[in-house]
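The values are calculated or read from the model by the stated rules, or taken from the named source; none is laboratory data. Here the structure is a predicted model, which means the values were calculated and not measured. Here the Cβ positions follow ideal geometry from the backbone for every residue, glycine too, while neighbour counts run over all protein chains shown.
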Amino acid sequence: MSGYPRPTQLTLHVEREAVDGRCGGCGGSGLERYPVLSEGGWFTVVKCPRCLASAARERWSRLGPIELLADTL
Ligand SMILES: [Zn+2]
């Protein structure tokens, strides 16, 4: 059993999610997806945990984790 605790306050803690894939930089397998806040708003990125090469990047919700949690309930 697993679940997300309900967010009661905004924190900088984010969950890193393991995703399948092969890094185009170092060739290793196993990538991580996690949200990042940039000047353009929230993005989710898929990066190699070893060499930090970006495999994917896509726009996320403007409010980041709070809105995502609501959307996935
Ligand atoms: Zn890599």
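Structural remarks
- Number of positions in the stretch 33-53 that are within 16 Å of the ligand (Cβ to nearest atom) and under 14 Å from residue 17 (Cα atoms): 7
- Residue pairs meeting the criteria (Cβ under 9 Å; at least 6 apart or on separate chains; first on the phi > 0 side of the Ramachandran plot, in the stretch 33-46; second assigned to a strand (DSSP E or B)): 41/59
- The set of residues in the stretch 54-64 that are modelled with pLDDT of 85 or more and away from the ligand (no atom under 16 Å from the Cβ) comprises 58, 59.
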